[in-house]
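Reviewing the structure listed below.
The values are calculated or read from the model by the stated rules, or taken from the named source; none is laboratory data. If you're wondering where the values come from, they're calculated on a predicted model, not measured in any experiment. Note: ideal-geometry Cβ built from the backbone for every residue, glycine included; neighbour counts use all protein chains shown. Keep in mind that these areas ignore ligands, DNA and RNA; they rest on the heavy atoms of the full protein, side chains included. Shrake-Rupley method; radii C 1.70, N 1.55, O 1.52, S 1.80 Å.
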Amino acid sequence: MAQFQRRRHHYYNRLRLVIPLISAVSGKRGMKSNRDIWTSKNSKFYHGCSNASNKFPKVEAVTHPNRYLAIATSGGLNQQRTGITDAVVAARILNATLVIPKLDQKSFWKDSSNFSEIFDVDQFISYLSKDVKIIKQLPRKGKKKISMPTMRVPRKCSERCYHNRVLPVLLKRHAVQLTKFDYRLANKLDTDLQKLRCRVNYHALKFTDPILEMGEKLVHRMRLKSKHYIALHLRFEPDMLAFSGCYYGGGEKEKKELGAIRRRWKTLHISNPDKERRHGKCPLTPEEVGLMLRALGYGSDVHIYVASGEVYGGEETLAPLKALFPNFNSKETIATKEELEPFSSFSSRMAALDFIVCDESDVFVTNNNGNMAKILAGRRRYFGHKPTIRPNAKKLYRLFLSKSNMTWEAFAAGVRTNQRGFMGEPNEVRPGRGEFHENPSTCICEDSQAKAKKDSGPRKYGKGYDATRKDDVIIDDQNADDEPEWPDTDDYDLNVPLEKGLFNGTVLDYDGATSDYGELEEMLSD
C-alpha cells in the first residue's frame, strides 16, 4: 500500500509541475506552428493508384482448374488483414483459386468470428473477380471433400519461393492450406502484384454493414463535438510494457508486476531499461504523448479519441494526458453499452470500430509500430496523406529528460524539429523502404504537372533550394533506427530444396524450430 501511495504521489507531483507550464504558455506564439496542423504538406500532389496495367492478364487466362489455395490467418484483426491481402497475391502467383481465408479463432485474441462476420465477403469476391478467382469453400469430389494437406512457408517468401515450395504440392494434391499466414509474402514484388495488394487492402476488404454503421456512428459523434479530432492508438497495456523491457518510474511494484508478465515467456530475457529507452524502443507514456501533441500545436480544446486496451496504471496514468486534453473520448464514452453489446464479446469487431474511427480522423497518432499502426499509416498515405504522427522516440527521449531545464518554447521547437519525417508527409520514406503495408509507394502516384506548376513559382528559400531533398525526404537510417525491432522467429534459408518424401504426411512445416515468441507477437502486434 505504501508503494502504491508513493507511486501515486510521484505521478501527481509530475502533473503539478507540468500543467502550470502548459497553462502559462498556451497563449504564446511558442505554442504555434507555421504549418497547418490538420493537413499534410504537398498531399494534394499525390493520389492512390492501384489499377492493373495492360500487361496484367485477366483471371480467366491464368487460373488453372483443380488448383486451390486456402490459408489460415494468425493474430488479431490487423495481423490477419495483412495475411488476407497477401493470400490473394499468393493465389495469383500460383495461378490458383483462393478459398475464403480462415480467421484465427484460437490465439490470444480468442475471437470466434469468421471472415463473413468481419468483412463483406461478396464485395471481396466481386471486386477481385478480374484478378483472382475466389470461392467460399472447397468443392466436393463426389460426396467427399477434397483432401487438403497443410504447410507453412517462410516469412517473406518470394515469387520464386512459392513456385519452388507450394506449386509442387498443388500439382500433386490440387489443394493446400498455408497455416499461420502472416507476413508470408516478400516485401518487394513485381509492380502489378504490388498494385494487386493495394486493390485488396484498400478496396476489396470492406467491413460488414453492422460494423460500418456503428463505426460511422462513432465518427459522426466525434464530428458533432468538433470540426477536427485526433485519434490516438495509445498501446500502453501491461503486456506491451512488459515486452518492451522499459521502466516507467513505478518503483518495485512496477518491476514486480511487469516482471511477472515477462516470465510467462522463457525467451524474454531481462534487458537494460535505460538502453531500450535511449534506442527509442519504449512507448511514450500518456503524459509524454500529450506533451508532444501540445508542442506540435494542438491546443487543450482539441478532441481526442483514444483507441486502447487496459492502460497500465489506469486512471492514474491517464490523468496527465486528460489534464492536457480534457476532451478525452473513447468508444465506451460516446456509445452506450447497449449499442456496443453486439460487438463487445468479439475482440476483432471492437478493433474494427476503433480502426474506422482512427482511419476517419483528421490526425492519427500511433504510440508503437504494430500492425494497426502500419495498416493505417499505409491506408492514410494511399487516401490523401492524412497526417499520421509516429513519435520519434529516440530523439524525443533526450528532450523529455531535460524538459525541466528549458523553456516551453525551446522544448516545443525541439519536438517539432525531431518530428520532421514522422508526420505522414509525402516522400518521408523512400520507395521500397519499410513494410509495404506501411509504405505502399508503388500505389502512390504524383501529379507531376500540378507539382511542377507549384515548384515554378517563387522559391521560399531562394535559388537552388530542393524541397524533396531536405524538407520532404527523411534519411533512411533515421527511419530504420527509430523502428522497433519485433522478433522474427521464422528466418529460413529459401534456397534449401524440398525434402525427400514430401508427400508422405499431411503436415508440411517449413518454419524450423518453433518458439513461444509467436503467441507474444500476436498479442502485441495489433
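Laid out as a table, the results:
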| read-out | value |
| --- | --- |
| Listed residues Lys58, Lys106, Lys144, Lys253 arranged by accessible area, highest first, probe 1.4 Å | Lys106, Lys144, Lys58, Lys253 |
| Region 209-337: relative contact order as a whole-number percent, Cα under 8 Å and 6+ apart | 34 percent |
| Of Lys58/Lys206; Lys256/Lys394; Lys58/Lys217, pairs whose Cα-Cα distance is over 32 Å | Lys58/Lys217 |
| Gain on full stretching of the segment that runs from Asn327 to Gln137 - 0.36 nm per residue minus C-alpha separation | 63.7 nm |
| Region 348-427, accessible surface, carbon-and-sulfur percent (1.4 angstrom probe) | 51 percent |
| Cβ-defined net charge surrounding Leu401, 13 Å radius [Lys, Arg +1; Asp, Glu -1] | +4 |
| Candidate residues Val121, Val365: accessible-area rank, largest first, probe 1.4 Å | Val121, Val365 |
| Calculated FRET value between Ala413 and Asp36, using beta carbons and R₀ = 25 Å, to 0.05 | 0.85 |
| Total charge dipole magnitude, region 251-369, about the Cα centre, Cβ charges on Lys, Arg, Asp, Glu only, Debye to nearest 20 | 900 debye |
| Residue-level accessible surface for Glu315, protein heavy atoms, 1.4 Å, Å² | 110 Å² |
| Charge tally in the Cβ shell below 10 Å around Phe56, where Lys, Arg are +1 and Asp, Glu are -1, Phe56 excluded | +2 |
| Simple label model, 7 Å out from Cα along Cβ direction - Ser441 to Arg420, nm | 2.0 nm |
| With DNA, RNA and ligands ignored, accessible area of Ile334 (1.4 Å probe; Å², nearest 10) | 20 Å² |
| Charge context of Thr191, other residues only, Cβ under 12 angstrom, K/R +1, D/E -1 | +2 |
| Sequence-distant residues sharing a close amide H with Arg155 (under 5 Å, placed H) | none |
| Val62-Ser300 FRET efficiency (beta carbon distance; Förster radius 41 Å; 0.05 resolution) | 0.10 |
| Virtual spin-label span in nm between Glu213 and Lys145, 7 Å along Cα→Cβ | 3.2 nm |
| For Ile135, distant residues with modelled amide H under 5 Å away | Leu98, Val99, Ile100 |
